[in-house]
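Okay, structure first, notes after.
The values are calculated or read from the model by the stated rules, or taken from the named source; none is laboratory data. Keep in mind the model is a prediction, meaning the values are calculated, not measured. Backbone-built Cβ (ideal geometry, glycine too); neighbour counts: all protein chains shown. Accessible surface is based on the protein model in full, side chains and every heavy atom, while ligands, DNA and RNA are left aside. Shrake-Rupley method; radii C 1.70, N 1.55, O 1.52, S 1.80 Å.
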Amino acid sequence: MSSSKKESRLFLIINCLALGIIAMNLTAPVHEATHLLTQMIAGAKPEVLAFGCAGTIDPTANLDSPFWKVMYSGSAALMNIVIGTILLIILKKFKLGPLSRPLVLMTTIMHYSMGFGYFLRDFFLYDPNPDPDVQQGDWAKVFENFGGNMALRITMLIIGCLGILFVFYIAYRQAFHFISDNNDKKERNRVASAIYLFPYLFNAVVFTLVELRGPVAQKNISNFLIISPIINVFGMIGFFWGYMFVAHMVKPRKQNVYYFSPCAEKKPVLWIIALAVIAFDAFVLCPGIMF
């Protein structure tokens, strides 16, 4: 491989890592902000907004109503799905550039993964006999509000499973917009590694470490060491399987739908933005904004 090709591939990877950082910050904090705003609408007083959690106290709304039984703890996952759907429409209907298209794709996968992931995971996480106020998981709390209703849990499990499979489908199909020769395994591996595998590995490690400064870790480090890897490793599992399907496991598409490759040029402004975002996460958003 010539030095220019090596340089282009390096820039491709760095650019996609930077886009992955930005995509993560367009997903997880939006999820937590949705919690905060929903609970404030319910009359609760805000206490903290952090990268991985939001805290409020003393809601005044009637939380026994079916609406608030769902929305008080479950609105954020629903919002993730709404945002993921809007972004998917943008992917399909709008012309996007070599930087904006992978960014929108990554953010779509993250929002869908987070939204549907709660439905799937919390079926198993629900504890019918929890200690007071320690039910783990947004939709586990919703299930608790409905007395652990099995029909509701199974319904949400099915939706979660189908949704995660849909995430895998999106990751597989959309990757070929960046691949000029579907039968070139090296190109498939190069593109899928850049837009899926490297951002997946990087974000799973970095954001787990960054969140060590967060309220969850400070309150109970043992719970954090269980919860954070689950969220960061399995919460973005669509990236891993997107890579595996495109690069190794699934027969490539017959139809060529190539638009253009992700940006493989030197983009120092993008890198600076990504570093600034990580610094903001580490020193402001992960420790939490107190009210």
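Can you tell me which residue among ILE90, ILE57, ILE86 is open to solvent by 40 Å² or more (accessible area, probe 1.4 Å), touching a helix residue (DSSP H, G or I) at 6+ places or on another chain (Cβ under 7 Å) and not hydroxyl-bearing (Ser, Thr, Tyr)?
ILE90
Take the conditions free of Cβ contacts under 8 Å to residues at least 60 places away in the same chain and crowded, with 18+ Cβ neighbours inside 10 Å and apply them to GLY148. Does it pass?
Details: free of Cβ contacts under 8 Å to residues at least 60 places away in the same chain: yes; crowded, with 18+ Cβ neighbours inside 10 Å: no.
Here the answer is no, as GLY148 does not meet what is asked.
Out of PRO287, PRO262, I need the residue that is farther than 20 Å from ALA18 by Cα and part of a loop (DSSP other than H, G, I, E, B). Which one?
The conditions single out PRO287.
Among (1) touching a residue at least 24 places away in the same chain (Cβ under 8 Å); (2) assigned to a helix (DSSP H, G or I), which single condition is LEU209 missing?
(1)
State which residue is most open to solvent (accessible area, probe 1.4 Å) when the search covers only the range 169-198 and only residues that are free of Cβ contacts under 8 Å to residues at least 60 places away in the same chain and part of a helix (DSSP H, G or I).
LYS186
Please specify each residue of the range 265-284 satisfying the condition of being exposed (fewer than 14 other Cβ atoms within 10 Å of the Cβ), small (Gly, Ala, Ser) and within 12 Å of ILE22 (Cβ to Cβ).
ALA276
Quick check on this structure: which one of LEU49, LEU37 is open to solvent by 20 Å² or more (accessible area, probe 1.4 Å) and at pLDDT below 95?
Details: LEU37 fails: at pLDDT below 95.
Sole residue among the options that is open to solvent by 20 Å² or more (accessible area, probe 1.4 Å) and at pLDDT below 95: LEU49.
Limited to the range 158-168, what total is found for residues that are closer than 15 Å to TRP139 by Cα and open to solvent by 30 Å² or more (accessible area, probe 1.4 Å)?
Here the count works out to 3.
Checking the structure you have, find out if any residue of the range 227-240 is open to solvent by 90 Å² or more (accessible area, probe 1.4 Å), under 21 Å from THR27 (Cβ atoms), modelled with pLDDT under 90 and over 16 Å from the mean Cα position of the chain (by Cα).
Taking the range 227-240 first, the residues open to solvent by 90 Å² or more (accessible area, probe 1.4 Å) are 234.
Going one step further and asking which of them are under 21 Å from THR27 (Cβ atoms), we end up with 234.
Restricting the remaining residues to those that are modelled with pLDDT under 90 gives 234.
Now restrict to residues that are over 16 Å from the mean Cα position of the chain (by Cα): none.
Looking for residues that are open to solvent by 90 Å² or more (accessible area, probe 1.4 Å), under 21 Å from THR27 (Cβ atoms), modelled with pLDDT under 90 and over 16 Å from the mean Cα position of the chain (by Cα), one finds none in the range 227-240, hence no.
Answer yes if at least one residue in the range 14-26 is under 18 Å from LEU78 (Cβ atoms) and at pLDDT 95 or above, and no otherwise.
Yes: one or more hits.
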